[in-house]
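K.L.:
Quick one: this structure, given as structure tokens, is what I'll be asking you about.
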Amino acid sequence: MTKMHFERAAELVQSITTPKFLGQNVELSTETLGNLPARDIKASWIAEAFISLFREYNPRFNEKKFLIACGLSNDGV
């Protein structure tokens, strides 16, 4: 897999958090994340699935950088 694949996956996850998806106004409560819109929780689950896959191809895969690219983290790299 190449950087292009990782970037495209991040774009797909980020597109889930846009308001056009159903459930945009529904909030869910999680123990670790607190109250979040359902779409953000779905995006997080999908991002975690991609992270697992990408680690298989590249053990040095940068999870933080990917989550920032997905729009799911504001932390610095």
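K.L.:
Give the residue, chosen from Asp40, Asp75, that is among the acidic types (Asp, Glu), in a loop (DSSP other than H, G, I, E, B) and either modelled with pLDDT of 70 or more or on the phi < 0 side of the Ramachandran plot (or both).
P.N.:
Of the residues listed, the single one that is among the acidic types (Asp, Glu), in a loop (DSSP other than H, G, I, E, B) and either modelled with pLDDT of 70 or more or on the phi < 0 side of the Ramachandran plot (or both) is Asp75.
K.L.:
Name the single residue that is modelled with the lowest pLDDT among those in the stretch 43-65 being outside any loop (DSSP other than H, G, I, E, B) and in contact with a helix residue (DSSP H, G or I) (Cβ under 6 Å, 6 or more places away or on another chain).
P.N.:
In this case the residue turns out to be Ala43.
The values are calculated or read from the model by the stated rules, or taken from the named source; none is laboratory data. For clarity, every value in this text was computed on a predicted model and none was experimentally measured. Cβ sites come from the backbone with ideal geometry, for glycine too, and all protein chains shown count toward neighbours.
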